[in-house]
Amino acid sequence: MTVPRHQRATLSVTETPDGAGYVLDGVPYGLPAPLPLGAAELAARHAAALDFRALVPGAREEDRARQAAALAGALARLAAGQPLDTAARAALQADHPHATGPVLIRTDGSADKQSGSLSLGYLLGDRPYGAVLRGALGHEGLAEREAIRVALTHARALGHTAFQVQSDHKFHVRRYDEALIHRGRRKSPSLERLDALVDELGPAVTFTYTPTLDTDAPHRLALHARALERLSRGLALSRAQAVALRRVHYALKAGGKGLY
């Protein structure tokens with residue numbers, strides 16, 4: 001029986017020291033090493049979750065797959081608070097070239113209610129990113145904080161010189177923009193790390209409270225990152241994660257211009 005066209009997709013897969021990279025239906029994806037399964041199996045699980053029933057080799061997409069793996073490795077270093085080496089910095093800059101001057105940053109974090117695992121999503125301008133905080137458990141406030149830290153560190157590594165952060169977490173906006181929360185109170189290692197980064201950036205960074213809907217890109221990207229991580233471990237997706245997997249795919253396929 002012939003597979004309908006909407007259930008067919010192209011696929012190119014590669015594995016690098018950074019992790020798994022693949023281009024599915026024209027959209028590049030990457031997950032950082034180490035992974036419990038190979039890139040081909042991960043891509044097949046992803047395709048099945050998107051209801052693709054037939055996969056054909058993509059034409060000349062291996063370079064994009066390698067770039068996706070390198071980007072995933074670089075984002076994992078940012079999320080873990082590790083310094084960027086030359087290769088990681090190059091991967092970030094290759095994905096977002098010509099970054100100068102001010103940048104609008106929109107962030108959101110997500111904590112899984114069952115496992116306590118954390119993921120984050122953010123936009124640098126209109127460029128989307130997401131990551132899972134491996135080995136970290138906590139609450140949504142911590143995920144929000146880490147999303148701000150990772151996004152600011154990422155934007156600075158790209159060469160931006162001014163940073164306008166939009167967040168729906170009132171605690172951080174009041175702490176950094178409105179000075180309504182005393183800096184000597186409610187300290188934690190994660191908060192001290194973000195405090196140090198904000199202090200280092202000084203007047204170059206500003207914060208604005210902006211409500212974020214579950215349908216907005218940062219929230220979807222955080223859920224999408226967790227969905228890919230769960231697929232890599234053979235775990236079932238929640239309804240919200242499955243929706244995010246589809247919405248992010250088709251938004252990226254449309255060049256990031258569609259609704260998330």
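The values are calculated or read from the model by the stated rules, or taken from the named source; none is laboratory data. Not measured: the values here are computed from a predicted model. Cβ coordinates were reconstructed from backbone atoms using ideal geometry, including for glycine residues, and neighbour counts include every protein chain displayed. Only protein heavy atoms, including side chains, enter the accessible area calculation; ligands, DNA and RNA are left aside. Shrake-Rupley method; radii C 1.70, N 1.55, O 1.52, S 1.80 Å.
Could you figure out which of (1) open to solvent by less than 70 Å² (accessible area, probe 1.4 Å); (2) under 13 Å from the mean Cα position of the chain (by Cα); (3) under 24 Å from Ala196 (Cβ atoms) isn't true of Arg134?
(1)
So if I check each of Arg89, Arg106, which one is basic (Lys, Arg) and surrounded by fewer than 20 Cβ atoms within 10 Å (Cβ to Cβ)? Show your work before the answer.
Details: Arg106 fails: surrounded by fewer than 20 Cβ atoms within 10 Å (Cβ to Cβ).
Of the residues listed, the single one that is basic (Lys, Arg) and surrounded by fewer than 20 Cβ atoms within 10 Å (Cβ to Cβ) is Arg89.
Given Thr10, Thr14, Thr2, which one is within 21 Å of the chain's Cα centre (by Cα) and of a type in the set (S, T, N, Q)? Can you show your working first?
On the way: Thr10 fails: within 21 Å of the chain's Cα centre (by Cα); Thr2 fails: within 21 Å of the chain's Cα centre (by Cα).
Going through Thr10, Thr14, Thr2 in turn, just one is within 21 Å of the chain's Cα centre (by Cα) and of a type in the set (S, T, N, Q): Thr14.
Take the residues of the range 91-143 that are of a type in the set (Asp, Glu) and over 20 Å from Tyr209 (Cα atoms): which is modelled with the lowest pLDDT?
Applying the first criterion (of a type in the set (Asp, Glu)) to the range 91-143 yields 95, 108, 112, 126, 140.
Filter again for over 20 Å from Tyr209 (Cα atoms), leaving 95, 112.
Working: Asp95: 94, Asp112: 85.
Among those residues, the one meeting the criterion is Asp112.
Which ranges mark the strands (runs of 3 or more DSSP E) fully within the range 1-112 that have 1 or more residues being among the polar types (S, T, N, Q), more than 30 Å from Gln166 (Cα to Cα) and without any contact (Cβ under 8 Å) to a residue 12 or more places away in the chain?
In the range 1-112, there are no strands (runs of 3 or more DSSP E) which contain 1 or more residues that are among the polar types (S, T, N, Q), more than 30 Å from Gln166 (Cα to Cα) and without any contact (Cβ under 8 Å) to a residue 12 or more places away in the chain.
Read through the list (1) touching a Leu at 6+ places or on another chain (Cβ under 9 Å); (2) under 30 Å from Ser232 (Cα atoms), then give the number of the only condition that Gly141 fails.
Result: Gly141 fails condition (1) only.
Out of the residues in the range 58-76 meeting the condition of being small (Gly, Ala, Ser) and in contact with a strand residue (DSSP E or B) (Cβ under 6 Å, 6 or more places away or on another chain), tell me which one is nearest to Thr153 (Cα to Cα).
As a first pass, look at the range 58-76 and keep what is small (Gly, Ala, Ser): 58-59, 65, 68-70, 72-74, 76.
Filter once more, keeping what is in contact with a strand residue (DSSP E or B) (Cβ under 6 Å, 6 or more places away or on another chain): 58, 65, 68-69, 72-73, 76.
Values: Gly58: 34, Ala65: 24, Ala68: 19, Ala69: 20, Ala72: 15, Gly73: 15, Ala76: 12 Å.
Within the range 58-76, the match that is nearest to Thr153 (Cα to Cα) is Ala76.
Could you list, in sequence order, the residues of the range 17-48 that are under 19 Å from the mean Cα position of the chain (by Cα) and either hydrophobic (A, V, I, L, M, F, W, C) or open to solvent by 60 Å² or more (accessible area, probe 1.4 Å) (or both)? Outline the logic, then answer.
Looking only at the range 17-48, we keep the residues that are under 19 Å from the mean Cα position of the chain (by Cα), and these are 18-24, 26-35, 39, 42-43, 46.
Of everything in the range 17-48, those that are under 19 Å from the mean Cα position of the chain (by Cα) and either hydrophobic (A, V, I, L, M, F, W, C) or open to solvent by 60 Å² or more (accessible area, probe 1.4 Å) (or both) turn out to be Asp18, Ala20, Val23, Leu24, Val27, Leu31, Ala33, Pro34, Leu35, Ala39, Leu42, Ala43.
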